[in-house]
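S.K.: Can you read through this structure? Questions will come right after.
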Amino acid sequence: MYDIYYNDEEYRREAPEDKVSRRLDMFVRELSLEGDFSLTFVSDDEIRSLNREYRNRDEATDILTFALSDGEQFPQPDGGKELGDVFISLDAMKRNAAAFSCPEDEELGRLILHGLMHLQGYDHQSNDFTSEPMLVKQEEILAKLAFDC
């Protein structure tokens, strides 16, 4: 259902594959997400390059999601569904955790869930956690699963 990639082996210490897999499994169940996707951990430089190439924004961001279907799932010949790819900058994750005064582990969970919600077709226009429907739902899920900060 999913593949986890690390653009640097050091990232495995910051986002251990067993912990990431447990979170993915939990979030996939909670969202009733069906289909195949990948999750790749990268640096600020790598995510900035992707952001520049695919979104014409020459800046680093915490997460980029490339949903193949934009909310609709395309059938594959074997009956599976390809959802897309999620990239998370672990540099940005650390900055976010400091800015939100929460543990890095909790912010990592937030970014993983955020990416999966984008793959499912959710979107947001701002980063207002009190009024953006996607972000409100995201925080409700995190609170329910005890990953809020």
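The values are calculated or read from the model by the stated rules, or taken from the named source; none is laboratory data. Everything quoted here is computed from the prediction, not taken from an experiment. Here the Cβ positions follow ideal geometry from the backbone for every residue, glycine too, while neighbour counts run over all protein chains shown. Side chains are part of the model used for accessible areas, which takes the heavy atoms of the whole protein and leaves out ligands, DNA and RNA. Shrake-Rupley method; radii C 1.70, N 1.55, O 1.52, S 1.80 Å.
S.K.: Which condition breaks for S126 when tested against (1) touching a Leu at 6+ places or on another chain (Cβ under 6 Å); (2) assigned to a loop (DSSP other than H, G, I, E, B)?
M.R.: Going through (1) touching a Leu at 6+ places or on another chain (Cβ under 6 Å); (2) assigned to a loop (DSSP other than H, G, I, E, B) one by one, S126 breaks only (1).
S.K.: Being over 14 Å from the mean Cα position of the chain (by Cα), of a type in the set (A, V, I, L, M, F, W, C) and in a helix (DSSP H, G or I) is the filter; apply it to the stretch 83-109 and report the residue that is farthest from V136 (Cα to Cα).
M.R.: Step by step, filter the stretch 83-109, then rank; the result is A98.
S.K.: Could I ask something else about it? Report, ordered by the first and then the second residue, all pairs with beta carbons closer than 6 Å, sequence separation of six or more or different chains, a first member in the stretch 111-129 that is closer than 19 Å to A15 by Cα, and a second member that is of a type in the set (S, T, N, Q) and not in a helix (DSSP H, G or I).
M.R.: Short answer, once both residue conditions are applied: G115/T65.
S.K.: Let me ask something else about it. Only residues that are more than 20 Å from S32 (Cβ to Cβ) and β-branched (V, I, T): list them for the stretch 90-149, please.
M.R.: Scanning the stretch 90-149 gives a single hit, T130.
S.K.: Against the definition (in a helix (DSSP H, G or I), open to solvent by less than 50 Å² (accessible area, probe 1.4 Å), aliphatic (A, V, I, L, M) and modelled with pLDDT of 95 or more), how does I112 come out, yes or no?
M.R.: Taking the combined requirement at face value, the residue satisfies it.
S.K.: Tell me, please, whether a residue that is surrounded by 22 or more Cβ atoms within 10 Å (Cβ to Cβ), among the charged types (D, E, K, R) and within 26 Å of E9 (Cα to Cα) can be found in the stretch 86-106.
M.R.: no
S.K.: Another question about this same structure. Residues in the stretch 120-142 that are surrounded by 11 or more Cβ atoms within 10 Å (Cβ to Cβ) and closer than 17 Å to F100 by Cβ: how many?
M.R.: 10
S.K.: Ok, one more. With the requirement that a residue be over 20 Å from A15 (Cα atoms) and open to solvent by less than 10 Å² (accessible area, probe 1.4 Å), what does the stretch 36-52 give you?
M.R.: Correct list: N51 only.
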